[in-house]
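For reference, the structure is listed below as structure tokens.
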Amino acid sequence: MRKKIVAGNWKMNTDIREGITLAKEVNRLIAENHVSYTTVILSPPFTHLTEIVKSVNLNRISVSAQNCSSEPKGAFTGEVSANMIKSTGCTHVIIGHSERRTYFKEDNFLLNKKVKHALQNDLIPIFCIGEILKEREEGKLFEVVKTQLEEGLFNLSREEFSNVVIAYEPVWAIGTGITATPLQAQEMHAYIRKLIAEKYDAEIAENTSLLYGGSCNAGNAKDLFSQADIDGGLIGGASLKADDFYKIITSF
Ligand code: PGA
């Protein structure tokens, strides 16, 4: 059965002290309430990874990076490799977030290299896809998402693909307070699952966790997560407050 996952993407927020406090608070809420049916992931900035790994119970919380290099090692000043991330104790890495695609011009081919490095280093990629508003308005949303999957993931072997988590994040919903309606999100998630079944097979499609992201919060998570093909969320703003994040974690 596919996993229920709630992942907090802290983006470029918190210094180390604040990050440790936030992680410990989430850890405490989860431990006190014996949450065990949801995979909880914290994704702090690179600088915090080692400390956050030490601050939480890794049986209950997984730690993820927000990005990794497309190269394995060498003269790439400022880059952080998948192997380095793995060595901190992380288990996941977000790849292809729309902010990386937009501000840092990361395209599907580069992202595909990153995915492969992540998998080679035993990290689970959380691969982000989603259309911008104009593409939705022009009715191109399905086409855009299909291309992102085909170019970003569909050259993986069946075995490789079985280790990937996908986050559908309509770009117009990220950080805007405008959430996709549960039906809009479900429609796209069902479409993504269908494409996976066509490319691989029904079993792998059924087992792939598909997360929704984009202004998901404590108030709307339940409606979103109750949809048949929505297996959890990638949470930005609302993951920076432990109480809000905890409410989302328990919204299944
Ligand atoms: P948001 O961000 O929840 O603040 O909209 C989601 C994301 O960017 O992953």
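Bear in mind that the values in this text are calculations on the coordinates, not laboratory data. Predicted model, so just to flag it, every value in this text is computed and none were measured. Here the Cβ positions follow ideal geometry from the backbone for every residue, glycine too, while neighbour counts run over all protein chains shown.
Cut-off 10 angstrom, C-alpha nodes, Gaussian network model of the chain. Which of G152, G214, G78 fluctuates the most?
G78
Just to confirm my numbers, what's the Cα centroid distance between the range 69-124 and the range 156-217 in Å?
For the range 69-124 versus the range 156-217, the Cα centre distance is 20 Å.
What does the net charge come to around Y212 if you take all other residues with beta carbon closer than 11 Å to its beta carbon, with K and R at +1 and D and E at -1?
Every neighbour counted, the sum reads -4.
To the nearest 0.05, how large is the calculated FRET efficiency for E203 and E25 if R₀ is 35 Å and r is the Cβ-Cβ distance?
E(calc), rounded to 0.05, equals 0.35.
Residue by residue, what Karplus-based ³J(HN,Hα) values in Hz, rounded to whole numbers, does the range 82-91 have, using 6.51, -1.76 and 1.60 with θ = phi - 60° and x for Gly and Pro?
Result, ordered by residue: 4, 4, 4, 4, 4, 5, 7, x, 5, 10 Hz.
Per 5 Å bin, what is the whole-percent P(r) computed from every C-alpha pair distance within the chain?
In whole percents, the pair-distance histogram is 1, 7, 15, 19, 21, 18, 12, 6, 2, 0.
Non-local amide H neighbours of I124 (under 5 Å, H modeled in plane, Pro and chain starts lacking H): which ones?
Here the answer is H92, V93, since their amide H atoms fall under 5 Å of that of I124.
Where does the Debye-calculated log10 I(q)/I(0) of the range 54-133 sit at q = 0.13, 0.15 Å⁻¹, using only Cα point scatterers of equal weight, no solvent?
Those come out to -0.40, -0.52, one per q.
Can you flag which of K11/K247; K114/K241; K116/K241; K3/K86; K4/K241 are past 24 Å Cα-Cα?
From the list (K11/K247; K114/K241; K116/K241; K3/K86; K4/K241), the Cα-Cα distance tops 24 Å for K114/K241; K116/K241.
Ordered by residue, what ³J(HN,Hα) values in Hz, to whole numbers, does the range 53-67 give under the Karplus form 6.51 cos²θ - 1.76 cosθ + 1.60, where θ = phi - 60° and Gly and Pro are x?
So the J values, rounded to whole Hz, are 4, 6, 8, 10, 7, 6, 6, 10, 10, 9, 10, 10, 8, 9, 5.
Given the range 146-252, report the % of alpha carbon pairs whose separation exceeds 18 Å.
Summing the P(r) tail past 18 Å for the range 146-252 gives 47 percent.
How many nm is it between the label spots at N13 and S162, if each spot is 7 Å from the Cα in line with the beta carbon?
About 3.7 nm separates the two model spin labels.
Whole-Hz ³J(HN,Hα) for each residue in the range 213-218, computed from phi via Karplus 6.51 cos²θ - 1.76 cosθ + 1.60 with θ = phi - 60°, x for glycine and proline: what do you get?
x, x, 6, 7, 9, 4
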